[in-house]
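Worksheet: the structure to be examined is printed underneath.
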Amino acid sequence: MGRGMLWGMTHDARKPDLACMRVNHDLAELREENLAATPLAQFERWLQEAIAMQIPEPNAMVLATTTSAGQPVSRVVLLKGLDAAGFRFFTNYRSRKGRELAENPRVSLLFPWLAMQRQIHVLGAVTPLPPDESSAYFHSRPRDSQLAVWASAQSAPLAARDELTARMATLAARWPAGTEIPRPDFWGGYLVQAESIEFWQGRPSRLHDRLRFEARHPAARLDNPADWQIRRYCP
C-alpha cells in the first residue's frame, strides 16, 4: 500500500491526520516519595481525584480475558467494589467473558483516565464471589436492571431488538412492582486478586512515570505495605 493511501497520512482535509495527533503530557508527575504506602491507598487517592475532576464513569475499566485458543478479548465493565482483598465486578456467567474466565481465570484490568493523563493497570486472577454477596449486589440494582439480567442471554445471537423488549415486558408482568426478583444462578460477581498494580502518569516527551506495586506472595493484601515491593519501569 502506498504512503498516500494510509488513513491519517493523506492530504484529504476531511480525514484526521492520525500520525500528527499528539497530546503534551504535562499535568503532573509521579515520584516514589509521593506514592502511598499501599496500592489500595494509592488507587483510592487517584479515584477520589478522578471523581473530583468529574471524569466520566471513573469506575469503568477495560477487562481483558483470553479464549482457550489464546485470543485476547477486551471490553469495558464497571468496578463495583474494592477493598484489601481485591477488585469486584459482576456479569453473566454464561456470557463470553464468563466462559473465558471459567477456562482461564487470569485477567487484566485497565482504568484509562485520559483527561488526567493517567492509567492504572492491574494483573491478577479471578475467583467467583459467594452467592450471598452476589445476591446482595443484585438486589441493590435498579429494578429494570434486575429484569434485564433475566431478559438478556448475554453474548448470544439476537435476531432483532424487539425480542429483548418483548422479554422485558413478559418478565415485568411475571414480577410486578413490589415483587422481589430473584437473582438467577447464572449471574454473579468476581473478585480480582491483584498480583501487580501499575500507576502510569503521562510526562512530557513521552518519558512517562510508571510505578508498579508487585506482590511478594500470592496472598498479598492491598492494604499491607509488607506484601508489596515498588519498582519503576521505563516508559
- Hey, can you tell me all the residues within region 61-93 that are among the hydrophobic types (A, V, I, L, M, F, W, C), surrounded by fewer than 16 Cβ atoms within 10 Å (Cβ to Cβ) and not in a loop (DSSP other than H, G, I, E, B)? VAL62, VAL73, VAL76, LEU78
- Of ARG232, ARG141, ARG174, ARG161, which residue is of a type in the set (Lys, Arg) and surrounded by 15 or more Cβ atoms within 10 Å (Cβ to Cβ)? ARG141
- Task: Could you check, for region 128-135, whether at least one of its residues is buried (at least 19 other Cβ atoms within 10 Å of the Cβ), under 20 Å from TYR190 (Cβ atoms) and of a type in the set (D, E, K, R)?
- Result: no
- Task: Please work out if THR170 is modelled with pLDDT of 95 or more, more than 30 Å from LEU114 (Cα to Cα), among the β-branched types (Val, Ile, Thr) and not in a helix (DSSP H, G or I).
- Result: no
- Lone qualifier among ARG75, ARG96, ARG161, ARG143 - being farther than 30 Å from HIS25 by Cβ and either within 13 Å of the chain's Cα centre (by Cα) or without any contact (Cβ under 8 Å) to a residue 24 or more places away in the chain (or both): ARG161
- Message: So if I check each of LEU40, LEU30, which one is buried (at least 18 other Cβ atoms within 10 Å of the Cβ), in contact (Cβ under 8 Å) with a residue 24 or more places away in the chain, part of a helix (DSSP H, G or I) and in contact with a Leu (Cβ under 7 Å, 6 or more places away or on another chain)?
- Response: LEU40
- Task: Those residues that are touching a residue at least 24 places away in the same chain (Cβ under 8 Å) and outside any strand (DSSP E or B), I need them from region 187-217; list them, please.
- Result: GLY202, ARG203, PRO204, ARG206, LEU207, HIS208
- Determine, yes or no, whether ALA115 is closer than 18 Å to GLY189 by Cα, assigned to a helix (DSSP H, G or I), among the small types (Gly, Ala, Ser) and within 19 Å of the chain's Cα centre (by Cα). no
- Message: Which count do you get for residues in region 1-27 that are modelled with pLDDT of 65 or more and surrounded by 10 or more Cβ atoms within 10 Å (Cβ to Cβ)?
- Response: 9
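The values are calculated or read from the model by the stated rules, or taken from the named source; none is laboratory data. Because the structure is predicted, anything quoted here is derived from the model rather than measured. No Cβ is skipped: glycine too gets one built from the backbone with ideal geometry, and neighbour counts run over all protein chains shown.
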